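The values are calculated or read from the model by the stated rules, or taken from the named source; none is laboratory data. Keep in mind that what you see is a predicted model, and the values were worked out from it rather than measured. Reconstructed Cβ throughout: ideal geometry from the backbone, glycine too, with neighbour counts over all protein chains shown. Side chains are part of the model used for accessible areas, which takes the heavy atoms of the whole protein and leaves out ligands, DNA and RNA. Shrake-Rupley method; radii C 1.70, N 1.55, O 1.52, S 1.80 Å.
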Amino acid sequence: MKGFVRLAFIATLWTYLVIFLGGLVRVSGAGLGCPDWPQCFGRWFPPTNVSQLPPDMDPSLFNFALAWIEYINRLAGMTLGLVIAAVAVWGIVRYRKIPSLWIPSVLAGLTVAFLGWQGGQVIEQELHPLIVSVHMGLALFLASLMVYITVRSFRIESGGYNPSLQAAPMRYRVAILWFLAMTQMVFGARIRGGIETLAEQFPLLNAGALLSKVGGIAHLHYFIGAIILVAAVILVPWVLKSDSSRSPLVRQSAMGILHAGITQIILGSILVIAGIPQLMQLLHLWFAAIFIGLIVMTFASLSYIKEGAYGR
Amino acid sequence: MADNNRPHFPNVTLIIAVMLIVFTALALFVIRWANISKTTPPVLATLPDFTFTSHENKPFGLADMKGKISVVDFIFTNCHGPCPIMAVNMGELYRDFASTDKVQFVSISVDPERDTPAVLKEYALQKGVDAPPRWIFLNAPLDDVIWLTEKGFLLPAEDLPGNHTTKFVLVDQLGQIRGYFDGTDGDLMRVIKEQIKMIAREMP
């Protein structure tokens, strides 16, 4: 990989790092580690000591660890914004004649800018569960765009190298799986929001006990999870069978869907059984992003590219 | 058929696996760090001013505790009850913090008649305490010891020396009490260490 593809690839990896860091902020309870935004305790660099706090800020709010965890997420997010801006500009200029690349590039640029602003709202609204969910949903949408841009540009740059014709229509079925997975993510985020709302009513209950009180939406999440797993188990062998060209890209991404899907179910079950341990919650969240990314990767590797469209 | 001349897409499974391992390790560390930070020990009380005599026959009081984190306990050299275990535990902490002068250990004798500074010095040598001492043994008239124990450290001081408290008291750099620990429970030393580290972050 070189040039644009390499940058897009790095930006995608960085996106997954930031999603991980965001989840880490969430599970370590560092969301309000910096109570203000975009600065942290009125400084561009978080304080290391209570004595550095501005006089109007309550020192009991200050927690060195939480401030730094939140600050590193912001720093990584800001860097991501810059990297994706570069991808967007380069993508728009380089692929101005290929709508399947310049449109996602524009969208990625807009999404990351909006995410940055919306991240400020998360702090402003003091981690309102719905706003946190939107923040995460947007991040997974951004990850989808970045994976698509990377794989699509890779295929175009490596010379219109297509899966077999029978395989191409499979991408619509893969797209349905993407919608299912995104919906599933929304319900998952709503469970987390429900737990937080309940936690205020029942301060002495632990997360596991609260989960059992969430009710309807949790059951829907388990149900859709089962549907997605069944869908993946049917769809993946079907995709592989239809691709008689045995494209390595199709193979590794489709198999990835299956592996990540099974991992997600296992992680989700551990959450229910073990009462939502923090690390498992984080991994469940991050693997949702991985699962969705692999679906997009499969979709992009199945998409047809006109012979000689841009290949070099 | 796969064409070897064509560029290959990186092995995504491998990348995900590596990221997963690195991230999990990072997360384990960060989550633990965050959880500990949220349980930073509260300020329970502030010590009154006092001046006792150290095993080096020098005055030692509140002023000498300020600027350092101290772990304080109550002992007597002739004690055969819980003291040997307490001394082992305190000795373990003493060695763990050998690299820093921000932490000191203070053992106050509850049998001052017998535990003169000279006796305490002998005892300190036995415990392997070198100069300049990070582990200080204190002597004061029994009434002063009782007063400091009850009014300062908020611990019982009846039927001394036999019935002395076995608590380790964690005192911060401002002379404030931040925690009490059963000094005969070796497992708690790990907790004290963590809390000392936490309080040390508050120091300049």
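Between the alpha-carbon centres of the stretch A:125-204 and the stretch B:67-105 there is a gap of 55 Å.
Note the angle between two axes, namely the Cα long axis of helix A:99-124 and the longest principal axis of the Cα atoms of chain A, as a number of degrees from 0 to 90, rounded to the nearest 10. Computed tilt is about 10 degrees. Per-residue ellipticity at 222 nm, computed for the protein assembly as shown from helices alone with -39500 (n - 2.57) per DSSP H run of at least four residues, works out to -20000 deg cm²/dmol. FRET efficiency for the pair B:ILE15 and B:ASP182, taken as 1/(1 + (r/R0)^6) with r the Cβ-Cβ distance and R0 = 56 Å, rounds to 0.70. For a test of the definition: using alpha carbon positions, the gyration tensor, and the 1.5 limit on a/c, classify chain B as rounded, prolate or oblate. Here chain B falls in the prolate category.
Close amide H contacts of B:ASP182 (hydrogens built in the peptide plane, cut-off under 5 Å, sequence separation of 5 or more or a different chain): B:PHE168. In the stretch A:149-171, burial by the other protein chains removes 30 Å² or more of 1.4 Å probe accessible surface, compared with the chain on its own, from A:PHE154, A:SER158, A:TYR161.
Just checking the listed ones, B:LEU26, B:LEU47, B:LEU14: in the Gaussian network model of chain B with Cα springs under 10 Å, the one fluctuating most is B:LEU14.
State the percentage of accessible surface on the stretch A:1-57 attributable to carbon and sulfur atoms; use a 1.4 Å probe and exclude ligands, DNA and RNA. Taking all protein chains in place, the stretch A:1-57 shows 64 percent carbon and sulfur surface.
Of the GluC sites (Glu not before Pro) found in the stretch A:119-209, those that fall in a DSSP loop while having at most 13 other beta-carbon atoms within 10 Å are A:GLU126. Summed over both chains, the accessible area lost when A and B associate is about 2800 Å², using a 1.4 Å probe. Taking other residues whose beta carbon is less than 15 angstrom from the beta carbon of B:PHE181, and scoring Lys, Arg as +1 and Asp, Glu as -1, yields -3. Once both axes come from the Cα atoms, what is the angle between helix A:216-242 and the longest principal axis of chain A, in degrees from 0 to 90, rounded to 10? So the helix axis and the longest Cα principal axis differ by about 20 degrees. Span-like helix criteria (full DSSP H runs; alpha carbon extent of at least 30 Å along the helix axis; mean Kyte-Doolittle hydropathy of at least 1.0) are satisfied in chain B by B:12-37. Between helix A:3-27 and chain A there is an angle of about 30 degrees, using the helix long axis and the longest principal axis of the Cα atoms. Mean sequence separation of contacting Cα pairs (under 8 Å, at least six apart), scaled by the length of chain A, corresponds to a relative contact order of 23 percent.
Legend: calculated FRET efficiency, B:LEU142 to B:THR51, from the Cβ-Cβ distance at R0 = 22 Å, rounded to 0.05, equals 0.90. With the simple spin-label model, which puts each label point 7 Å out from Cα in the Cβ direction, the A:TRP37 to B:THR100 separation comes to 3.4 nm. Once you reduce the stretch B:149-204 and the stretch A:210-226 to the center of their Cα atoms, the two points are 46 Å from each other. Where the accessible area of the stretch B:76-204 is counted over protein heavy atoms with a 1.4 Å probe, how much of it, in %, is carbon and sulfur? Of all accessible area on the stretch B:76-204, carbon and sulfur atoms account for 53 percent. Set the Förster radius R0 to 41 Å, insert the Cβ-Cβ distance between B:PHE29 and B:ASN78 as r into 1/(1 + (r/R0)^6), and round the FRET efficiency to 0.05. Computed FRET efficiency for B:PHE29 and B:ASN78 comes out at 0.35.
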